[in-house]
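The values are calculated or read from the model by the stated rules, or taken from the named source; none is laboratory data. Treat the numbers as computed from the prediction; the structure is a model and nothing was measured. All Cβ positions, even for glycine, are placed from backbone atoms using ideal geometry, and neighbour counts span all protein chains on display.
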Amino acid sequence: MNLGMKIIREILVDVDKCTGCRACEMACSAFHSNPKFSSINPAKARIRVVSNELTDEYVPIFAGNHTKSGCDGRHVYTVDGKTYSECSFCRASCPTRDYFIEPDSRFPLKCDMCESTPALKQPWCVEVCGEHALVYSEREVPREQAAQEPLGQLEIGLQTLMKQHGMEAVIARLKQIVKEK
Ligand code: SF4
Ligand code: SF4
């Protein structure tokens, strides 16, 4: 059945171009502050740069799924002769590191590709990355194929929150946020 086309939005990362300037973290946290651009706090960013100046390691990672416990699949990676420490490429919001947990609410953070109305030309982290280490891409795929793609980020985020806090708590909190706006 032909269901038409769907656009897949992605951010491609070139770790060799990243200088660790952290402009992406600041822009993301500013865009997601309430009201928008009212504050900057990289601890609230949905992108974090794993850095080690001694090994020239700079890896921008986007907040992915939340997990209640740390994993035991940690590895040191060597790519093109360069060594990357454990967890460098992991997108999980996990209790063994302080990335991707909202410091005030303790809710997990997840990259939402800067969803907004009207839609942005490209996400803010990409917009501010002067090194072009982050590149925004859109591609069209048949809707049948799209249906087999993983759940959208919003759905995954909501499922994660409901698993962690229960549906009622999430709905109550959402109502409270709407009231506060
Ligand atoms: S803005 Fe670009 S160069 Fe700077 S830390 Fe982020 S990804 Fe790296
Ligand atoms: S796409 Fe938007 S939400 Fe995701 S990391 Fe970049 S600035 Fe943050």
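When the residues of segment 96-145 are narrowed to those that are in contact with a Pro (Cβ under 8 Å, 6 or more places away or on another chain) and more than 17 Å from Val50 (Cα to Cα), which ends up farthest from ligand 2 (Cβ to nearest atom)?
Of everything passing the filter in segment 96-145, Glu102 is farthest from ligand 2 (Cβ to nearest atom).
List every residue pair whose Cβ atoms sit under 6 Å apart, with the two residues 6 or more apart in sequence or on different chains, where the first one lies in segment 17-43 and is on the phi < 0 side of the Ramachandran plot and the second, anywhere, is at pLDDT below 95 and away from ligand 1 (no atom under 16 Å from the Cβ).
Ala43/Pro103
So which residues in segment 61-82 are touching a strand residue (DSSP E or B) at 6+ places or on another chain (Cβ under 7 Å), away from ligand 2 (no atom under 14 Å from the Cβ) and part of a strand (DSSP E or B)?
Passing the criteria: His66, Tyr77.
Of all residues in segment 20-50, how many are closer than 17 Å to Phe107 by Cα and within 12 Å of ligand 2 (Cβ to nearest atom)?
10
Okay, residues lined up against (1) small (Gly, Ala, Ser); (2) surrounded by fewer than 16 Cβ atoms within 10 Å (Cβ to Cβ); (3) within 21 Å of Val126 (Cα to Cα):
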{"residue": "Ala30", "(1), (2), (3)": "yes, no, yes"}
{"residue": "Phe37", "(1), (2), (3)": "no, yes, yes"}
{"residue": "Ile40", "(1), (2), (3)": "no, yes, yes"}
{"residue": "Ala45", "(1), (2), (3)": "yes, no, yes"}
{"residue": "Lys82", "(1), (2), (3)": "no, yes, no"}
{"residue": "Glu86", "(1), (2), (3)": "no, yes, no"}
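Considering every residue within segment 51-60, establish whether at least one is within 15 Å of Glu127 (Cα to Cα) and within 9 Å of ligand 2 (Cβ to nearest atom).
yes
Without any contact (Cβ under 8 Å) to a residue 40 or more places away in the chain, out of contact with any Ser or Thr (no Cβ under 7 Å at 6 or more places or on another chain) and either farther than 24 Å from Val135 by Cβ or surrounded by 15 or more Cβ atoms within 10 Å (Cβ to Cβ) (or both), is that true of Ser51?
Taking the combined requirement at face value, the residue satisfies it.
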